[in-house]
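K.L.:
Shown below is the structure under consideration.
No lab work stands behind these numbers, since they all come straight from the coordinates. These figures come from a predicted structure and were not determined experimentally. With ideal geometry, Cβ positions are generated from the backbone for all residues, glycine too; neighbour counts draw on all protein chains shown.
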Amino acid sequence: MTAPLLSIRDLHLRMSSFDGRAHVLNGINLTVNRREIWGLVGESGCGKSLTGLSVSRLQPTPPAHYTAGEILLEGQDLLKLSPAQMQRLRGKRIGMIFQDPTTNLNPAFRIGEQLVDVALAAAEHDASVIGCPPSAGRRERRRAARKLAGEMLAHVGIPNALARLDDYPHQFSGGMRQRVLIAMALIGRPDLLIADEPTTALDVSVQAQILKLIKSSVDEYDMGVVLITHNLGVVAQTCSHVAVMYAGNIVESGPVAAVIGNPVHPYTRALMSAIPTRETKRGELRGLAGSVPNLITPPPGCRFAPRCQFALPACTAAMPASVPVGNDHSAACIRVAEMEALVHE
Amino acid sequence: MSDIMLEIDNVSKIYPGRRGIFGKSAEVNALKNVSLKVRKGESFGLVGESGSGKTTLTRSILHLETPTSGSIRVQGQDLGKLSDAELRRLRARVQIVFQDPYASLNPRMSVYDIITEPLVIHHETLGLTGQQRSDRAAELLSLVGMGPQHLHRYPHEFSGGQRQRICIARALASGPELLLLDEPTSALDVSVQAQVLNLLCELQDRLGLTYFFISHDLAVVRYLCDRVALINRGEIVEQGDCADIFDAPKSEYARMLIGAMPEVKVPAGPANGGIGA
């Protein structure tokens, strides 16, 4: 069997700050195959963005410090690569989309030029991206890259794409800019796409279009996606798998239908009951008491224990291991087996 | 006296085009003949996408923006016809909570100063002595689920949810009847959002407040509001009872918006693995 596209194994990340060292990723395990869309959900500060930034190695070290673990992209450990080797992977093998489309494009360059730059960089790794041989002249390669840029813009649904290559970022609306960024992420035909809250800054109607676009690109480009979001609704609509994070740990993961249809970790349950749905009656929304723990001095054992309604003394003894509860579905809680009975009490 | 708290009658707002070095920009028709009524004690939701005119309408209700035509009446008083002194007195009764709790608290003021500031500004209307103000500040903090030990701290010491509670306490300080809530939970995490929404429900039941709730999150509006208006490009597209609009939207725009709403529904897929399966 071939190696999975992305395999994060027991990743530990510490961050130095003035107040001390925070243990921000505490043994992350995640495997993403091609054609899977993994949703990474959790509240602010749970480490979901750091996981994404670790995969693309965009987290500066220091202050970050990887104390253990590996990030394998088809068997190759990204943590062992030199900055130059890593730079060659970005844009070509790993594409990224960030949250804020207004700040991620250079306002001083036409978007066509920005797309062409990415395409040419990717072509150095794999000349087939722009469909012209490496021996071709500079001018010819640029022309091919520009043609590709136009095609990509049209592909992500920007009307009149060829003419708009010569526009500047400020001439696009937020949703259109996010499409440009998606085109930029896809132009090198990446194997892995990391989308960090790609729709948080957008209106719901635009959000729906962007998510549809990401979803349809997965099969077309045969890629794997890590979609970082705080919105479980987005996950339910878009993803095939989901990993729920809390304070630097993945507490529950598995296929979306299993995790959302049958959440077993108390945190996942709490998160879901905090979202108002059609059936929620006024005043009956269940918030989660307390707040996210301080990661410099995290609570002992299970980090969710202090806020958990089902916590036992044993919960604070040791970090619970992830146990399988079904097909690919696992949760890190010592009371997983009793959960169904507990909930009905 | 009628039971209408807020009446917006045929309000339009046109921002004139500006003449700059690149020529004249076109004028913007931010609100087009907007009419709506908010009854006393209800929660009225205003939903729209960015650029739809939500903020212009909110600013007009506070009279921070003067409508080009039409009138806005709060408890029968026409804002456009009030003198400055009358307007100041009215503002004690209409308060607002802003979207971003990180930006709407002055970092150099203590919580005590923040909460008592409206009491000082509306001294003329409220007439509280210094001691009464201190008592009121402590009372307001406990009302929003915080304690007197927080009074002499500064905003940076609080989490987003707590800051939003401070903003709510400040808005309640002058004893308003109408509270404008401009996306009060969109900067917060879901678990904290749930706490703040529950607090808002509780405060309304306890104090008989009227809410004018602005949001782009339909799920939150459905949860909190009795009636809702959808606004698109400065025009009210549809308004009515929350249940009617969410269950049977009439306009194309409402259908589109409700259809685009990401809901946590179990997607169709392989059978769910049961516990211990």
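K.L.:
Rg/Rh for the protein assembly as shown: what does it come to with C-alpha atoms and Rh from Kirkwood?
P.N.:
Details: Rg = 26.5 Å, Rh = 26.8 Å.
The Rg/Rh ratio comes out at 0.99.
K.L.:
Still on this structure, please answer the following. Residues in the stretch B:126-159 near a label at A:Asn294, defined as backbone nitrogen under 14 Å from the 7 Å Cα→Cβ point?
P.N.:
Only B:157-159 pass the distance filter.
K.L.:
Then there is this: Can you give me the long-range amide H partners of B:Arg39? Hydrogens built in the peptide plane at 1.01 Å from N, cutoff under 5 Å, separation of 5 or more residues or another chain.
P.N.:
The list, which skips near neighbours in sequence, is B:Met5.
K.L.:
Follow-up question, since we're still on this one. With everything on Cα atoms, drop me the angle between helix A:111-125 and the longest principal axis of chain A, reported from 0 to 90° to the nearest 10.
P.N.:
Result, in degrees: 80.
K.L.:
As an exercise, use a Förster radius of 56 Å and the Cβ-Cβ distance of A:Ser16 and B:Arg255 to find the FRET efficiency, rounded to the nearest 0.05.
P.N.:
On the way: r = 52 Å, r/R0 = 0.92.
Calculated transfer efficiency: 0.60.
K.L.:
Along the charge dipole of the stretch B:1-77, which of B:Ser12, B:Gly41, B:Gly76 sits closest to the positive end, that is, farthest toward it, with unit charges on the beta carbon of Lys, Arg, Asp and Glu (+1, +1, -1, -1)?
P.N.:
It is B:Ser12.
K.L.:
Net charge near A:Glu197: determine it from the other residues with C-beta under 10 Å of the C-beta of A:Glu197, scoring Lys and Arg +1 and Asp and Glu -1. Provide the component values of the computation, followed by the final result.
P.N.:
Details: positive: A:Lys48; negative: A:Asp100, A:Asp196.
Charge balance in the 10 Å sphere: -1.
K.L.:
Taking only DSSP H segments of four or more residues, each worth -39500 (n - 2.57), what value at 222 nm results for the protein assembly as shown once the sum is divided by all its residues, to the nearest 500 deg cm²/dmol? It would help to have the intermediate numbers written out before the result.
P.N.:
Values: 21 runs with 207 residues, N = 622.
Roughly -9500 deg cm²/dmol at 222 nm, from the helical runs in the protein assembly as shown.
K.L.:
What are the ³J(HN,Hα) couplings of the stretch A:240-245, residue after residue, when phi is run through the Karplus curve with 6.51, -1.76, 1.60 and θ = phi - 60°? Round to Hz, x for glycine and proline.
P.N.:
Rounded to whole hertz, the list is 9, 9, 9, 10, 9, 10.
K.L.:
Strictly over 32 Å apart at the Cα level, which of A:Lys281/B:Lys250; A:Lys48/B:Lys13; A:Lys147/B:Lys54; B:Lys13/B:Lys250 would you flag in this model? Present the calculation step by step, with values, prior to reporting the outcome.
P.N.:
Numbers: A:Lys281/B:Lys250 24 Å; A:Lys48/B:Lys13 43 Å; A:Lys147/B:Lys54 41 Å; B:Lys13/B:Lys250 26 Å.
Correct reply: A:Lys48/B:Lys13; A:Lys147/B:Lys54.
K.L.:
Next question. Averaging over every viewing direction, what projected area does the convex hull of the Cα atoms of chain B cover, in nm²? Please list the in-between numbers first.
P.N.:
Numbers: hull surface 82.2 nm².
Projected over every direction and averaged, the Cα hull of chain B covers 20.6 nm².
K.L.:
A further question follows. Taking the Cα atoms only, what angle lies between the long axis of helix A:174-186 and the longest principal axis of chain A, rounded to 10 degrees?
P.N.:
Compared with the principal axis, the helix lies near 80 degrees.
K.L.:
Where is the GNM fluctuation largest for chain A (alpha-carbon springs, 10 angstrom cutoff): A:Tyr221, A:Tyr267, A:Tyr246?
P.N.:
It is A:Tyr221.
K.L.:
Over all Cα pairs of the stretch A:29-71, how is the pair count split among 5 Å bins, expressed in % and running from 0 up to the last occupied bin?
P.N.:
5, 17, 26, 27, 17, 6, 1
K.L.:
Moving on to the next point. P(r) tail for the stretch A:93-204, what percent of Cα pairs lie past 16 Å? Walk me through the numbers before you get to the answer.
P.N.:
Working: 3497 of 6216 pairs.
Summing the P(r) tail past 16 Å for the stretch A:93-204 gives 56 percent.
K.L.:
Something else about it: Based on the Cβ-Cβ distance of A:Glu220 and B:Thr129, what FRET efficiency does E = 1/(1 + (r/R0)^6) give at R0 = 60 Å, to the nearest 0.05?
P.N.:
Details: r = 71 Å, r/R0 = 1.18.
The value I calculate is 0.25.
K.L.:
Separate question: Using only the alpha-carbon atoms of chain A as identical scatterers, what base-10 log of I(q)/I(0) does the Debye formula give at q = 0.09 Å⁻¹?
P.N.:
One equal scatterer on each Cα of chain A leads to -0.53.
K.L.:
I've got another one for you. With springs only between Cα atoms under 10 Å, which of B:Asp135, B:Asp84, B:Asp217 fluctuates most in a Gaussian network model of chain B?
P.N.:
Ranking B:Asp135, B:Asp84, B:Asp217 by mean-square fluctuation puts B:Asp84 first.
K.L.:
Treating the angle as unsigned and between 0 and 90°, give the value, to the nearest 10°, between the Cα long axis of helix A:138-155 and the longest Cα principal axis of chain A.
P.N.:
So the helix axis and the longest Cα principal axis differ by about 50 degrees.
K.L.:
Let me ask something else about it. Starting from the Cα of B:Thr68, step 7 Å along the direction of its Cβ; do the same at B:Asp9; then give the gap between the two resulting points in nm.
P.N.:
For B:Thr68 paired with B:Asp9, the spin-label model returns 2.1 nm.
K.L.:
Suppose the chain between B:Leu82 and B:Ala26 were pulled fully straight at 0.36 nm per residue; how much longer would it get relative to their current alpha carbon spacing?
P.N.:
Numbers: separation 56, 0.36 × 56 = 20.16 nm, distance 3.16 nm.
Full-extension gain reported as 17.0 nm.
K.L.:
While we're here: Would you mind telling me the antiparallel percentage of the DSSP bridges in chain B, rounded to 5?
P.N.:
Taking every DSSP beta bridge with both residues in chain B, the antiparallel ones total about 55 percent.
K.L.:
Can you give me the span-like helices of chain B, meaning DSSP H runs with 15 Å or more of Cα extent along the axis and Kyte-Doolittle mean at or above -1.0?
P.N.:
Details: long enough: B:111-121 (16 Å, 1.37); B:130-143 (20 Å, -0.71); B:160-172 (18 Å, -0.18); B:190-207 (25 Å, 0.53).
For chain B, where a helix must reach 15 Å along its axis and average at least -1.0, the hits are B:111-121, B:130-143, B:160-172, B:190-207.
K.L.:
Relative to 2.2 N^0.38 Å, what does the C-alpha radius of gyration of the stretch A:188-267 come to as a ratio? Two decimals please.
P.N.:
Numbers: Rg = 13.2 Å, N = 80, 2.2 N^0.38 = 11.6 Å.
Here the Cα radius of gyration is 1.13 times the empirical estimate.
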